[in-house]
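Novice: Below you'll find the structure I mean.
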Amino acid sequence: RMYWSIEWRPAAKLIKVSRAPESREWVDGLDGTDTSNQGFDVESKDSIGFSFGVVATAQVEEENVAKFLYIYSGRQLEVIMDAEIRNHIQAILSDVATKYTLDEIDIMKQEAITEVRAIVIPYFAERGITITNIGLKGGLWY
């Protein structure tokens, strides 16, 4: 071979992963992360629609970086929060809300956020994302 016909191939690749915490406020109105209405729309057992506001913070811990990269292939954490994590929360809130009538909403709020935490936090921990908090924000919008 001549020197001009050599093909160089790198032996390693450096991928940077931001481990800074990302927070999201998904609410209706201008107080959230995005100015569009991002509240979680659900429906009660008696078919009355209302909306929750939810806040969440997540980060990638150092020991989970490889797992995070393997599953999410370099996607940014804020994108994953606004898509996949948000969709999981929406599904759980919807399921819980349909069990209660509008008169029982005050009982339902605590059960809903408890169930969200019990399902979402371990699910994303297995995928390399540490969710440090999830909570309700503001009141309910009918």
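Novice: Counting pairwise Cα distances across the stretch 7-89, what percent come out greater than 23 angstrom?
Specialist: Counting pairs separated by more than 23 Å, the tail of P(r) holds 40 percent.
Novice: Check Asn37: other-chain or 5+ apart residues with amide H under 5 Å from its amide H, H built from backbone geometry?
Specialist: Gly29
Novice: So which trypsin sites (Lys or Arg not before Pro) in the stretch 8-69 end up in coil per DSSP with only 14 or fewer other C-beta atoms within 10 Å?
Specialist: When the trypsin sites (Lys or Arg not before Pro) of the stretch 8-69 are filtered for loop state and at most 14 Cβ neighbours within 10 Å, Lys13, Lys16, Arg19, Lys45 remain.
Novice: Just to confirm the filter: which trypsin sites (Lys or Arg not before Pro) across the stretch 79-125 are DSSP coil and have at most 13 other Cβ within 10 angstrom of their Cβ?
Specialist: Lys99
Novice: If Leu93, Leu140, Leu14 are ordered by their accessible area, calculated over protein heavy atoms with a 1.4 Å probe, which sequence runs from highest to lowest?
Specialist: If we order Leu93, Leu140, Leu14 from most to least accessible, we get Leu14, Leu140, Leu93.
Novice: Sticking with this structure for a sec: Using Cα extents along the principal axes in Å as the read-out, say which of [x] 102, 41, 26; [y] 43, 34, 26; [z] 81, 29, 24 was calculated from these coordinates.
Specialist: [z]
Novice: What whole number of Å gives the distance from the Cα centroid of the stretch 1-18 to the Cα centroid of the stretch 28-91?
Specialist: First find each Cα centre; the distance between them is then 38 Å.
Novice: Among the GluC sites (Glu not before Pro) in the stretch 37-80, which ones are in a DSSP loop with at most 14 other Cβ atoms within 10 Å of the Cβ? Mind listing them?
Specialist: Passing both the DSSP loop test and the Cβ count: Glu61.
Novice: Moving on to the next point. Return the calculated 222 nm mean residue ellipticity for the chain, to the nearest 500 deg cm²/dmol, obtained by summing -39500 (n - 2.57) across DSSP H runs with n ≥ 4 and dividing by the residue count.
Specialist: Helix contribution divided over all residues of the chain: -9500 deg cm²/dmol.
Novice: Using amide H atoms built 1.01 Å from N in the peptide plane, name the residues 5+ places from Tyr100, or on other chains, whose amide H lies under 5 Å from its own.
Specialist: Long-range HN contacts for Tyr100: Lys45.
Novice: Magnitude of the Cβ-charge dipole of the stretch 40-142, K/R +1 and D/E -1, about the Cα centre, nearest 20 debye?
Specialist: Dipole about the Cα centre, nearest 20: 180 debye.
Novice: Checking understanding here: applying a Kyte-Doolittle mean of at least 0.0 and a length along the axis of at least 24 Å (C-alpha), which whole DSSP H helices in the chain pass?
Specialist: In the chain, the long hydrophobic H runs are 105-125.
The values are calculated or read from the model by the stated rules, or taken from the named source; none is laboratory data. Computed from a predicted structure; not experimentally measured. Because the Cβ atoms are built from the backbone with ideal geometry, glycine has one as well, and the counts that use them run over all protein chains shown. The area values use the complete protein model at the heavy-atom level, side chains included, leaving out ligands, DNA and RNA. Shrake-Rupley method; radii C 1.70, N 1.55, O 1.52, S 1.80 Å.
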